[in-house]
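*Asks:* Here it is, the structure in full.
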Amino acid sequence: MHIFTPKHGWANKYIWLDVEEYEYNDRIFSDHVKSGTIVFKKSTGTTEADVLGSTTSLQFFSENFVQVLETNCADQFLKYQIKTTPDFKKKYYYIEPKFIVPTIRCESSLEKPDLKVYCRQNGIDPSNLLIISDELWYSYADVSTVKDHQLFKPEGSDHFFIDNKIKQALEEIDLKNLKFKLNQRIKKFA
């Protein structure tokens, strides 16, 4: 199974979102988004698209994107419509997958976890580990428990993964500003 992360494109071509009014109150930012206590306005960019990034490091998806997910894996995620200023024509959603895979990382994100030990202790093949990041910090996702799930996220992350079937369904409707990152797997240990 190939596993991809849906991503947005460039800020100078498509709109990004910025928060119009926001008071933190010790809550996780995505909780504010889900409860509708914040409003997003247009930031940089020129036109609306189907996938928008934001200055909050969260991504938001159009109704067209969500309809593809509802057609192919409706019971695998929750959607939350976000509040936007009146100048937006489209509705946008925050997506939260129900299925969560374990994340492997050290307390210090600058240290690389011992993946060989993790695989041996958990009885899994290294090819069941996805590289989330290994440039500035080290973080991996254990997808050994993924069976019929087509949409899932790594523990502690706001980004999510999709399988090849969902990717193909999204590509068929030619959504604006949607890119895909193929998540690389860990190779066999030398």
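*Asks:* Between residue 157 and residue 112, what is 0.36 nm times their sequence separation minus the Cα-Cα distance? Round to one decimal in nm. Intermediate results must be reported in sequence, preceding the final value.
*Replies:* Details: separation 45, 0.36 × 45 = 16.20 nm, distance 1.82 nm.
Length gained between residue 157 and residue 112: 14.4 nm.
*Asks:* Something else now. Would you mind getting me the FRET efficiency between residue 1 and residue 85? Use the beta-carbon distance for r and R0 = 30 Å, nearest 0.05. Don't skip to the end; give the middle numbers.
*Replies:* On the way: r = 40 Å, r/R0 = 1.32.
So the FRET efficiency works out to roughly 0.15.
*Asks:* Further question: Subtracting the Cα-Cα distance from 0.36 nm times the residue separation, let me have the gained length for residue 96 to residue 133 in nm, one decimal.
*Replies:* Numbers: separation 37, 0.36 × 37 = 13.32 nm, distance 2.04 nm.
Taking 0.36 nm per residue and subtracting the Cα distance, the gain is 11.3 nm.
*Asks:* Under the rule of at least 5 residues apart or a separate chain, name every residue whose amide H is placed under 5 Å from the amide H of residue 40.
*Replies:* 20, 83, 84, 85
*Asks:* Which net charge results when you count Lys and Arg as +1 and Asp and Glu as -1 among the other residues whose beta-carbon is under 14 Å from that of residue 146? Don't skip to the answer; put the middle values down first.
*Replies:* Values: positive: 98, 147, 153, 165, 185; negative: 125, 142, 148, 155, 163.
Taking every other residue near residue 146 into account, the sum is 0.
*Asks:* At 7 Å along the Cα-to-beta-carbon direction for both residue 34 and residue 120, put a label point, then send me their distance in nm to one decimal.
*Replies:* Each label point is offset 7 Å from its Cα along the Cβ direction, giving 3.8 nm.
*Asks:* Mean projection of the alpha-carbon convex hull of segment 65-190 over all orientations, in nm²?
*Replies:* Numbers: hull surface 38.8 nm².
Dividing the Cα hull surface by four gives the mean projection, 9.7 nm².
*Asks:* Nearest-5 percent of antiparallel DSSP beta bridges in the chain?
*Replies:* Details: 30 of 36 bridges.
Antiparallel bridges make up about 85 percent of those DSSP assigns within the chain.
*Asks:* If you bin every alpha carbon distance in segment 18-132 into 5 Å steps from zero, what whole percent lands in each bin?
*Replies:* For segment 18-132, the pair-distance distribution reads 2, 9, 17, 16, 14, 13, 12, 10, 5, 2, 0.
*Asks:* Still on this model: Round to a whole angstrom and tell me the spacing of the C-alpha centers of segment 1-80 and segment 97-138.
*Replies:* Centre-to-centre distance over Cα atoms comes out at 26 Å.
*Asks:* I would also like to ask the following. Considering only Cα-Cα distances, which of the following residue pairs are longer than 26 Å: 91/147; 7/187; 41/179; 13/167?
*Replies:* Details: 91/147 32 Å; 7/187 24 Å; 41/179 23 Å; 13/167 23 Å.
Result: 91/147 exceed 26 Å.
*Asks:* Name the residue, out of 65, 160, 29, whose mean-square fluctuation peaks in a Gaussian network model built on the chain with Cα pairs under 10 Å.
*Replies:* Evaluated over the chain, the most mobile residue of the options is 29.
Read-outs throughout are calculated quantities, based only on the coordinates presented, and are distinct from any laboratory measurement. On a predicted model such as this, the values are computed, not experimentally measured, just so you know. Here the Cβ is made from the backbone with ideal geometry for all residues, glycine too, and neighbour counts use every protein chain on show.
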